[in-house]
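The values are calculated or read from the model by the stated rules, or taken from the named source; none is laboratory data. Nothing here was measured: the structure is a model prediction, and the numbers come from that model. So basically every Cβ, Gly included, is an ideal-geometry build from the backbone, and we count neighbours across all protein chains shown.
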Amino acid sequence: MKMGRFIVDTHVHAQRFAAGPGLKKENLDAGSARYNDLAKVIRHLEAYDNSPRLLYDMECYDVDMCVLLPAFGMSNELNLQIMENNPGRFVAVCSATETARKAREEGIEWTAEAAAKELDALLATGKFVGTGEGMPANASSKRTVGMTERLDQLRPIMEVVQKHESVVQVHSGVVMGYPLSHHYWPETLNPIWMADMAVEYPDVPIVINHGGLQGWWSERFYEECLLLAASHDNIYLECGFYWAELYEKPLLDPNIGAEKLLWATDWGASIPFHSQPGHYPSSYPVQKRSEPLPRHQVDMWGWSLKQLLKVQCTQDDLNLILGGNAARIYKLEVPHTRLFRPIGKHLNPQEEGRITYAPICC
Ligand SMILES: [Zn+2]
């Protein structure tokens with residue numbers, strides 16, 4: 001049985017890296033390389049179109065649509081091409097990839113203003129539904145970036161997204177294999193910093209990638225993300241890597257509810273699952289630093305949808321999590337009006353005249 005009326009994964013990578021050649025250049029062997037090795041070369045790898053496997057999984061799991069995200073070394077152009085090749089199946093968010101490339105390959109200093117300018121031009125094409133994955137950052141620096149400096153970097157980006165009445169994604173969580181630090185995405189270790197952005201830009205929907213749980217079994221960042229979602233109308237949480245029990249708090253919380261959750265895994269990323277039957281949680285996503293990189297396409301949707309099967313909520317709530325919220329926030333075309341239950345006025349900027357959303361809830 002299909003799990004919902006209109007299913008959208010809002011965090012999908014349709015591009016994949018062939019890591020072998022890049023690892024070879026560093027005298028590393030693909031068969032024995034670890035995540036740390038991959039992290040060293042990932043920004044220099046060429047991504048290829050992995051949409052045939054994605055379309056196969058969409059068929060398997062009845063996923064109607066995906067939001068495509070570029071990540072390190074992936075391109076906006078290839079995502080647009082995949083969209084054009086498969087009308088109605090994909091939309092994409094954009095990233096300031098050219099600014100990052102110039103800093104990496106040409107030694108041109110990375111600035112938030114340059115990244116914002118690039119995003120401004122990309123959003124002006126009307127071909128993208130938001131920005132992501134995560135907020136632009138300086139990948140070429142090994143300097144610790146503190147809260148005030150980082151928020152100053154984010155403001156020009158927020159202003160551009162506000163101007164285009166679009167959506168911004170902010171990264172949170174750590175997946176253990178790639179060493180995420182305060183050099184690149186300090187907010188990934190401090191999601192609570194986004195409270196300032198939510199207050200300063202109340203009309204910009206802020207989607208927290210992974211909702212605090214990209215991997216591992218600690219609930220620390222998840223708790224911070226719940227606080228953000230509960231206290232700011234414009235903050236939404238991706239939840240595709242939540243194990244079943246993690247849905248309880250947001251669904252019970254009168255200030256969060258199903259309307260703030262987006263089903264979003266990290267389809268296409270190299271993240272396996274660890275199983276520990278009899279313990280809590282019985283399985284969870286995590287990269288294992290001591291083991292070689294997984295060579296197969298990890299089945300994220302099977303795992304994630306099975307977690308949702310255990311969640312006690314109404315089908316109307318599940319429909320919001322699985323696609324209704326995505327349709328509202330990313331302005332997706334849906335087959336009919338009135339498919340999703342109405343949401344609170346405070347979460348419907350259309351009613352407040354701030355942003356025009358597709359009239360899917362009325
Ligand atoms: Zn991702």
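Could you say which residue among TYR280, TYR284 is of a type outside the set (A, V, I, L, M), outside any helix (DSSP H, G or I) and within 19 Å of the chain's Cα centre (by Cα)?
Working: TYR280 fails: within 19 Å of the chain's Cα centre (by Cα).
Exactly one of TYR280, TYR284 is of a type outside the set (A, V, I, L, M), outside any helix (DSSP H, G or I) and within 19 Å of the chain's Cα centre (by Cα), namely TYR284.
Listed by position, the helices (runs of 4 or more DSSP H) contained in region 76-143 that have at least 1 residues being of a type in the set (Asp, Glu) and modelled with pLDDT under 95 are 97-105.
Screening region 7-66 for residues that are aromatic (Phe, Trp, Tyr) and outside any loop (DSSP other than H, G, I, E, B) and picking the one that is farthest from the ligand (Cβ to nearest atom) gives TYR56. Counting just the residues of region 250-290 that are within 16 Å of the ligand (Cβ to nearest atom) and polar (S, T, N, Q), which one comes out surrounded by the fewest Cβ atoms within 10 Å (Cβ to Cβ)? Of everything passing the filter in region 250-290, SER270 is surrounded by the fewest Cβ atoms within 10 Å (Cβ to Cβ).
For the structure I just gave you, tell me whether LEU293 is within 15 Å of the ligand (Cβ to nearest atom), closer than 25 Å to ALA14 by Cβ and either out of contact with any Gly (no Cβ under 6 Å at 6 or more places or on another chain) or of a type in the set (Lys, Arg) (or both).
Working: within 15 Å of the ligand (Cβ to nearest atom): no; closer than 25 Å to ALA14 by Cβ: yes; either out of contact with any Gly (no Cβ under 6 Å at 6 or more places or on another chain) or of a type in the set (Lys, Arg) (or both): yes.
So LEU293 fails the test.
Would region 294-301 turn up any residue that is in a helix (DSSP H, G or I) and surrounded by 12 or more Cβ atoms within 10 Å (Cβ to Cβ)? Among the residues of region 294-301, at least one is in a helix (DSSP H, G or I) and surrounded by 12 or more Cβ atoms within 10 Å (Cβ to Cβ), which makes the answer yes.
Considering only region 229-247, I want to know if a residue exists there that is within 28 Å of ARG143 (Cα to Cα), surrounded by 15 or more Cβ atoms within 10 Å (Cβ to Cβ), among the acidic types (Asp, Glu) and within 16 Å of the ligand (Cβ to nearest atom). No, every residue in region 229-247 fails to be within 28 Å of ARG143 (Cα to Cα), surrounded by 15 or more Cβ atoms within 10 Å (Cβ to Cβ), among the acidic types (Asp, Glu) and within 16 Å of the ligand (Cβ to nearest atom).
Evaluating ASP37 against the criteria (1) over 23 Å from THR131 (Cα atoms); (2) in contact (Cβ under 8 Å) with a residue 24 or more places away in the chain; (3) buried (at least 18 other Cβ atoms within 10 Å of the Cβ) leaves one unmet condition, (2).
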